[in-house]
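Encoded as structure tokens, the structure appears first; notes follow it.
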Ligand code: E4P
């Protein structure tokens with residue numbers, strides 16, 4: 001399972017990269033706004049900086065919602081760096097644009113996916129990645145993990161090439177469940193990745209090892 005970090009914060013991206021387990025980055029307009037990135041040139045420059053840190057796929061989301069606008073914006077993003085994946089919303093013109101990008105060899109991440117039906121359309125259009133949002137489904141008292149399970153089953157059944165990129169991850173259990181189900185990728189906030197490190201018995205065991213070592217070495 002690939003690990004992406006879900007942020008536009010350069011320090012967090014560097015920290016995740018330095019850990020040695022990072023396979024890529026996803027961003028969205030909210031995450032870019034959180035970093036105060038505004039204006040087309042600043043946005044493009046920020047993606048260049050992310051690509052300079054990470055040797056892996058970097059999802060850059062379009063703002064346009066009409067076919068021509070998505071294509072224009074997506075082509076400009078894709079031209080920035082070979083690792084850029086154009087992130088396109090799950091809307092009618094988005095699906096048309098994904099099909100267009102697919103025929104041109106431009107890789108895409110279909111975002112804002114909340115149903116198996118949407119997942120089927122994105123796969124048929126040739127999306128490289130599909131982003132179902134686990135946390136936001138959980139937020140409305142449905143089960144986000146059921147959605148991942150359903151999509152992985154359908155994609156395996158038909159041999160669709162689109163990779164399931166589980167998004168809107170809120171905690172380490174989401175990551176572990178995605179691994180059990182067989183999601184291809186998880187995109188996570190850095191704190192959810194770091195939380196995977198933690199186990200009280202590791203901390204207790206390490207403290208004991210170090211104390212025992214000190215007893216005979218001081
Ligand atoms: C990923 O591609 C999405 O942009 C992101 O995971 C959304 O997460 P959120 O629901 O925590 O905002």
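So for each of 153-164, 122-133, 31-42 I average, over its residues, the number of other beta carbons within 10 Å; can you give me the resulting order with the highest mean first?
Top of the packing list down: 122-133, 153-164, 31-42.
Take every Cα-Cα distance within segment 1-133, group them into 5 Å bins from 0 onward, and report for each bin the whole-number percent of pairs it holds.
2, 11, 22, 23, 21, 13, 6, 1
Helix 92-103 versus the longest principal axis of the chain: what angle, 0 to 90°, nearest 10, using Cα atoms?
80 degrees
Rounding to the nearest 10 and keeping the result within 0 to 90°, find how far the Cα-based axis of helix 144-158 lies from the longest principal axis of the chain.
60 degrees
Given a Förster distance of 22 Å, report the FRET efficiency between residue 40 and residue 67 from their Cβ-Cβ distance, rounded to the nearest 0.05. Please list the in-between numbers first.
Values: r = 19 Å, r/R0 = 0.88.
Taking R0 as 22 Å, the efficiency between residue 40 and residue 67 is 0.70.
Can you give me the distance in nm between label points at residue 216 and residue 179, each placed 7 Å from the Cα along the Cα-to-Cβ direction?
The answer from the label model is 3.4 nm.
Take the alpha carbon atoms of segment 179-218, find their center, do the same for segment 11-63, and report the distance between the two centers in whole angstrom.
Rounded to whole Å, the Cα centres lie 27 Å apart.
Counting each DSSP H run of 4 or more residues in the chain as -39500 (n - 2.57), what helix-only mean residue ellipticity at 222 nm follows after dividing by all residues, to the nearest 500 deg cm²/dmol?
The per-residue figure over the chain is -16500 deg cm²/dmol.
Can you give me the distance in nm between label points at residue 191 and residue 15, each placed 7 Å from the Cα along the Cα-to-Cβ direction?
Each label point lies 7 Å from its Cα, and together they span 1.0 nm.
Jot down the per residue volume, in cubic angstrom and as a whole number, of the convex hull over the alpha-carbon atoms of segment 61-218.
Values: hull volume 24.6 nm³, N = 158.
Spread over its residues, the Cα hull of segment 61-218 gives 156 Å³ apiece.
Give me the angle, in degrees from 0 to 90, between the Cα long axis of helix 172-181 and the longest principal axis of the Cα atoms of the chain, rounded to the nearest 10.
For 172-181 against the chain, the angle is about 60 degrees.
Mind checking the full-extension length gain between residue 208 and residue 79? Use 0.36 nm per residue of separation minus the Cα-Cα distance, one decimal, nm.
Length difference between fully extended and current span is 41.1 nm.
Would you mind calculating the relative contact order of segment 1-159 from Cα pairs under 8 angstrom and at least 6 residues apart, reporting the percent as a whole number? Before the final figure, lay out the partial values.
On the way: 245 pairs, mean separation 22.6, N = 159.
Once divided by the residue count of segment 1-159, the mean separation gives 14 percent.
The numbers here are math on the coordinates, done by the rules we state, and not lab data. Quantities reported herein were computed from a predicted structural model and do not represent experimental measurements. Every residue, glycine among them, receives a Cβ derived from its backbone with ideal geometry; neighbour counts consider all protein chains shown.
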